Amino acid sequence: DQDEEILDQLENIVGFIATDINAKGIVKVEIEPARAPIIPSKMSARLRAEMQKSAELIVPNKWRHMPSAAGHDPMVINEKLPCGMLFIPSINGVSHNFQEDSYDEDIILGCQVLADAAASILKQA
């Protein structure tokens, strides 16, 4: 999620679950942060709007808005430049794994949506 409050709530819920499990005394659960917290970075509303417009033109009713707080490059770049992200489907939903793959048709459609959005932005410049 891109909302820090929601992420904090999720962390609290996990803490409550661990406390509940520990109270039962069967096993002991300890929660240790594996890394520094990821601070969500909001992507550019303008870039999102252009990509949504292009997606609706190229693949009508076959796209969706997916907020992401994942640690992708735009989280760093967004400090200096407006950013947006465009995801395409992975076969069987496998992502961030050596078996990740996408159908050529989806890659091509993603490229078309991105190119159309970029052209639209450049026409407005």
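Each value in this text was obtained by applying a stated rule to the coordinates, not by laboratory testing. Keep in mind that this is a model prediction, so the values were computed, not measured. No Cβ is skipped: glycine too gets one built from the backbone with ideal geometry, and neighbour counts run over all protein chains shown.
Points worth noting:
- When the chain is treated as a GNM with alpha-carbon contacts under 10 Å, the residue of K80, K24, K53 showing the greatest mean-square fluctuation is K24.
- Cleavage-rule hits, GluC sites (Glu not before Pro), the range 20-93, DSSP coil, Cβ neighbours within 10 Å at most 16: E30, E79
- Degrees separating the helix 45-58 axis from the principal Cα axis of the chain, which is the longest one: 60
- Choice from S41, S54, S95 showing the highest fluctuation, given a GNM over the chain with Cα pairs closer than 10 Å: S95
- Extension gain, E105 to I121: 0.36 nm times the residue separation minus the Cα-Cα distance gives 3.3 nm.
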